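These notes are about the structure you will find just below.
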Amino acid sequence: MNILVYPHKILKQKARPVENIDGKLQKLIDQMLDTMYLAKGIGLAANQVGVLKQLFVMDITPSGETPEPVTVINPRIIDSYGEEVQDEGCLSVPSYSASIRRPAGVMLEGYDRDGKPIRMEAEGLMARCIQHELDHLYGICFVDRLSSLKKAIFRRKWAKIRQQNG
């Protein structure tokens with residue numbers, strides 16, 4: 001699958017809830033995981049591959065260890081706590097990263113790839129990944145969270161990066 005690059009219009013759109021967890025959705029999940037692993041990412045939201053469904057996949061397992069993919073369908077954060085600032089990158093904004101302030105921990109609800117309800121508490125990298133991917137499902141890219149000054153700097157850098165990458 002092709003990963004859409006910022007500022008593609010689909011990346012600005014809100015995804016719709018998944019209504020049917022069927023074979024077609026399972027195939028999409030598998031393709032998204034393959035795409036994420038090939039791109040060496042740790043998370044991928046459906047709209048990053050042009051599908052406006054509330055679904056993301058992630059795997060924060062360190063390289064060289066057995067993969068532990070997580071699929072979350074119709075996710076929603078029901079609680080958050082703390083605060084931290086960490087560097088983030090994005091498969092839709094290649095070759096760029098920036099410090100982003102987010103809650104340090106979250107409580108997430110949704111459904112797994114088999115349609116079973118899930119609830120998970122996450123901190124650290126997993127919490128950051130969940131929030132980053134959930135933002136995508138609401139049409140928000142991490143660069144949208146930058147201050148006005150940092151957005152202006154990003155726009156200049158991004159223009160150069162895009163020019164260099166053709």
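Derivation of every value follows stated rules applied to the coordinates shown; laboratory data play no part. No experiment lies behind these values; they were computed from the predicted model shown. In this analysis, Cβ positions are derived from the backbone assuming ideal geometry, glycine residues included, and neighbour counts consider all displayed protein chains.
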Honestly region 11-57 on the Cα gyration tensor test (a ≥ b ≥ c root eigenvalues; a/c under 1.5 rounded, otherwise a/b vs b/c for prolate or oblate) is just oblate
Which length gain, in nm to one decimal place, applies between Arg76 and Ile118 when the Cα-Cα distance is subtracted from 0.36 nm times their residue separation? 14.1 nm
To the nearest 500 deg cm²/dmol, what mean residue ellipticity at 222 nm is calculated for the chain from DSSP H runs of n ≥ 4 alone, each contributing -39,500 (n - 2.57), summed and divided by the residues? -9500 deg cm²/dmol
Around Ile73, with a cut-off of 9 angstrom between Cβ atoms, what is the net charge of the other residues, counting Lys and Arg +1 and Asp and Glu -1? +1
Between Glu65 and Lys9, 0.36 nm times their residue separation minus their Cα-Cα distance comes to what? 16.6 nm
Using the Cα centre as the reference, give the magnitude of the dipole from point charges on the C-beta atoms of the chain (Lys, Arg: +1; Asp, Glu: -1; all else neutral), rounded to the nearest 20 debye. 1140 debye
Could I have the simple spin-label model distance between Val85 and Leu38, label points 7 Å from Cα toward Cβ, reported in nm to one decimal? 3.8 nm
The alpha-carbon center of region 1-58 and that of region 119-166 are separated, in whole Å, by 16 Å
Can you give me the orientation-averaged projected area of the convex hull built on the Cα atoms of region 16-166, in nm²? 9.6 nm²
Summed residue charge, Cβ within 14 Å of Gly124's Cβ, Lys/Arg positive, Asp/Glu negative: -4
Can you tell me how much longer the chain between Asn20 and Asp144 gets when fully stretched, taken as 0.36 nm per residue apart minus their C-alpha distance, in nm with one decimal? 41.5 nm
Tell me the GluC sites (Glu not before Pro) within region 28-120 that lie in a loop according to DSSP and have at most 15 other beta-carbon atoms within 10 Å. Glu65, Glu83
Under 19 Å from the Cα of Lys14 - aspartates and glutamates, other chains or at least 8 residues apart: Glu109, Glu133, Asp135, Asp144
Could you order the peptides 18-28, 130-140 from most to least packed, using the average number of other C-beta atoms within 10 Å per residue? 130-140, 18-28
